[in-house]
Amino acid sequence: MTSSSSAPSDALHARVQAFLAAAILDPARTPEPFDALALDLARFQAAQIPAVARLARARGIDLASATHAADIPAVPCDVFRLTRVAAHPPDEDVAVFHTSGTSQGREARGEHALRTTATYELGARLWGARLLWPDAARLRVIVLAAPLAEQPDSSLGFMLDRFAALLGGGSFHLRDGALDALGVAEAAASARDARSPALVLATSFALVHLLDARRGLDLRLPPGSRVMQTGGFKGRSREVAPDELRAAVSDAFAVPEAQVIGEYGMTELSSQLYETTLAAALGKWPAAEARHGVYAAPPWVRVTAVDPTTLAPLADGDVGLARLVDLANVDSAVAIQTADRVRVLPGSPGNHSIELLGRAPGAPPRGCSIAVDDMLGPP
Amino acid sequence: MRATEARALRVRRAVALGRRIADSADPLGIEARRDLGITSGLSSEGVELALTEHLEVAITDADLEALLAAVEVAPRCHVILAANVCTAALRAIALGLAASSSVTIRHSRRDPGLAPILARELGLTLTDVLAAAPGDALHVYGSDATIAAVRGAAAPGVIVHGHGTGLGIAIISDDADLDAAAQALAADVSPFDQRGCLSPRFALVEGHEDRAAAFAAALDAALRDLGDRVPRGPLDDATRSAIALYGAALDAVGERFAGPQHLVGLDPAPRTLPLPPAARVVHVVPASAASGATLLAPWARFLTTVGGAGRGALLDAINALAPAARRAPLGRMQRPPLDGPVDRRVLERPRC
C-alpha cells in the first residue's frame, strides 16, 4: 500500500531525473525551466509537509502564483532536527540519513528521509563523473571512512559506497572507529604496483589521523591519482588549516595539490559541490574559474547568498549565508537555508560557483552560558 | 584570630565592597558603572540592573558557613576569570579569599568586569602570568576547552577547580499561574542579557500545546515590557544571524514571538530541544514528566539551575535529572545565595 503522495512523487522524480540527465550535457537545454520544476517541487512539498507549509504561510508566500525559485521559502537545516521533513510516511522510507553526532546524542540529530535513492544516486554519479573522474571510468577507490554497513544512516557513507561500487570496487579503512593506516599503505602499494590511478575518498579528520599515524608508511599513489576530502573536524581530530592539510595530503600521496579537491555537501541536501581544480587540470573545466576554496554546484542546484540577519537575497559577489535550491530534494525541501557563509561567483551559464567562507565570525563569547560550539563533537 | 574567622572576615570584606559598588552614589559604584558601560556589552540600564539586583551585597551566617565549607583552604589561591558576566568577579574572588589570604587574579582584558576594582580595593594581585605551585588552588572560569587547557598546563600538585559553562531551565508546573510565571521568568532571562550560566534558555510548560502557547504569549508580553525598561545591549553580527536562523526554524515548526529586545520560540510538538542564542531568546515547549525528562536528558549535565513555578510531576522529574543543579523559584534564578560556587556542579567534579 502506498501513500497518496507516491504518484506525484514518482512523477516528480522522473521529471527531475530527466532534468539532471539533460542539464549535465547542456544546462541551457533542459526539458523544462529550473524555476518551473523547483516551484512544482515546492508546491508538492508544501501540500505534504506541514513544516514547509507553515514556513510559506509565515513568509506570506503564495506558492501557487509564485514564478521564481527564489520565492520558495528556504527550510533552515535545524528544522531537520526539530521535525520530520518528508512528503511520505515513515513506512515508505528506503533510507534515513542523519547528521553527525553532537554531545546531545542521537535524538538531537537531524534526519533526511528518502523514499527513493535513485535521484540522489543519479545526481551524485553525474556530478562526480564531471569533477572527480572526468578522465576515467574506473579507478581504484581507497576510502578513509567506515563502510556503509557500519554507518547506514550517513549520507556521506552512502555516497562513498556508491562511488566505490561504480568505479570498480574499493577498500574501506576505517573500522569500528579506528583508522587502518597500514591498510591504506597496502592499498597504495597495490595501486603503485599495478600503475593504476586511485581515488582517495576521505573525511578531513580521517586524513589528519592518517597523517599523524603514517610514520614511515609509503602512501604514494601512481600518477593520475586524486584525493577528495570533505567535512570538518568537530572535535574528532586536531584542527588543521585547509591549505596546510591539502599540502600535507599532496605530499603524503604524491598527488599534485590541484588533484586534492574538497567536497561541500550536507545531510539535508541530495547534491554535492566540488572544487574544480582537478577538472581544470585535466582540461575539463575553465581554468580561470578553478581555485581551491571555490566549489561548483551542479546545474540542478542554485545557490544564493542571503543577508545573515534578514535572510533576504543578496547580489552575486556579496558575502552572505548560503541558500540552496536543490532539485534532487524531491521528497523533503527543495530550498535549504544553511548557516554557512559564501560568496556566489559569476560563472558559466547554468553553473554556480561559490566561495566557501565558513561560519560567521562572531565576537568572542561573553558570559558563561553555554554556546552551540560547546555542544559540538562526538557524543 | 582563628583561621575560620579570618576566612570569614575576608569574605565579608568582599561583600561589603559589593554593597558600595551597588550604590550608584558611592565613588566605587560610579566607577563600576562607568567601566562596565564600556566593557560589559550591556546597555546602561542592563549594567544598573546587574549591579543593583544581581550583585552579592549581603551574606547570611548560614550561607557564609556553607561557602567556607565548600572551599578548600590553600596556601595560595589563583583565579582565572574569563569574559564572564559582569558581576561574577565578586563571588569568584570571595571564593578565592575563602581559600587563602594570598589571592592572585588574571582577568579578561576584553571584559574584566569588576575584577580590577575589587582587586585594588582588597589589595589583591592582578597579573598576566599565574605561577601556581604544588598545593596551590587554581580556580578557572571559562569554557570547558579553556578549563581542560589550564588543567593540562598546570604543574603537578596544583589543585584545579574548573567553573565551566552551563544553562538554566524554567519549569512551569500545571498549577502555576501563567502570567505570573511569565513575569518571573522574564526577570530571570533579562539580567546579563541571558549570558549567565544560570540564565534560563528553555521553558518547559507542563500540560498541552495550548497551555504552552498561552505561556509563550505571556512571556513575549513580559519580555517586551521589561525590554522597554532595560534594553538589551548591542548584538554582534553572528548573534543577530543566529537569532534570524532560529526564528526561521521556529516559523517552520511552530511559532515565534519576536520583540525588539527578545524572541520567544514555541515548538508545540518538540522532538528535541535546540539551543537558542543567548540573547534574551527563550525556547518554549509543552511537556509531561516523561517527555520533559526525555527532552532534557541530553542537557542534564549542563544544567546549573532549575527554576520552577508551582509544583508538579514535571518539576520533580527534572529535579531528579539534575541533582547538582540549584533550585530556585522563577524570578530568583539569577539571585543565588552566596553559599559557594554559583555553579554547584563544580563541587561534584573530580579535582586534580
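Any read-out appearing in this document is the output of simple, stated calculations on the displayed coordinates, not a laboratory observation. These numbers were taken from a predicted model, which means no experiment stands behind them. Cβ sites come from the backbone with ideal geometry, for glycine too, and all protein chains shown count toward neighbours.
For the reader, a short list of remarks on this structure follows.
- Lys/Arg +1, Asp/Glu -1 at C-beta; segment B:224-351 dipole; positive extreme among B:Pro260, B:Asn319, B:Gly292: B:Asn319
- HN-Hα J in Hz across segment B:101-106 - Karplus 6.51, -1.76, 1.60, θ = phi - 60°, x for Gly and Pro: 7, 10, 10, 10, 10, 10
- Residue range of chain B that is longest and free of trypsin sites (Lys or Arg not before Pro) which are both DSSP loop and sparsely packed (at most 12 other C-beta within 10 Å): B:111-350
- Around the Cα centre of chain A, unit charges on the Cβ atoms of Lys, Arg, Asp and Glu (plus for the first two, minus for the last two) sum to a dipole of about 320 debye.
- Taking the DSSP bridge list for segment B:167-329 and keeping only pairs wholly inside it, about 15 percent are antiparallel.
- Ranking B:Ala58, B:Gly152, B:Ala32 by how far each Cα lies toward the positive end of the dipole of segment B:3-164 (charges on Cβ) leaves B:Gly152 at the top.
- Euclidean distance between Cα centres, segment B:195-246 to segment B:149-170, Å: 29 Å
- Our coupling estimate for segment A:117-133, obtained by passing each phi through the Karplus curve with A = 6.51, B = -1.76, C = 1.60 and θ = phi - 60°, is 9, 4, 5, 4, 5, 4, x, 4, 5, 5, 6, x, 5, 6, 10, 9, 9 Hz, Gly and Pro reported as x.
- Inter-part distance where segment A:119-177 and segment A:191-219 are each reduced to a Cα centre, Å: 16 Å
- Between A:Asp218 and A:Ala149, the simple spin-label model (points 7 angstrom out along Cα→Cβ) gives 3.1 nm.
- Residues whose amide H comes within less than 5 Å of that of A:Leu357, counting only those at least five positions distant or on another chain, are A:Arg341, A:Val342, A:Arg343 (H built at 1.01 Å from N in the peptide plane).
- Here the 3J(HN,Hα) profile of segment B:223-234, calculated from phi with Karplus coefficients 6.51, -1.76 and 1.60 at θ = phi - 60°, is 5, 5, 5, 5, x, 5, 8, 10, x, 6, x, x Hz, Gly and Pro shown as x.
- Gyration tensor verdict on segment B:167-329 (Cα atoms; rounded if a/c is under 1.5, prolate if a/b is larger than b/c, oblate otherwise): rounded
- Cα shape, segment A:118-289, gyration tensor, a/c 1.5 rule: rounded
- Spin-label model, B:Asp210/A:Thr116: points 7 Å from Cα along the beta carbon direction are separated by 4.4 nm.
- When the charge dipole of the protein assembly as shown is built from unit charges on Cβ atoms (+1 for Lys and Arg, -1 for Asp and Glu) and taken about the Cα centre, the candidate among B:Ala249, A:Ala297, A:Pro33 whose Cα reaches farthest toward its positive end is A:Ala297.
- Only helical runs count toward this figure. For chain B, summing -39,500 (n - 2.57) over DSSP H runs of n ≥ 4 and dividing by all residues gives -13500 deg cm²/dmol at 222 nm.
- With contributions of -39500 (n - 2.57) from each DSSP H run of at least four residues, the per-residue ellipticity at 222 nm computed over chain A stands at -9500 deg cm²/dmol.
- Taking amide H positions as modeled 1.01 Å from N, with prolines and chain starts lacking one, the residues under 5 Å from B:Arg327 and 5 or more places away or on another chain are B:Val306.
- Global form of segment A:33-172, assessed from the alpha-carbon gyration tensor, a/c cut-off 1.5: oblate
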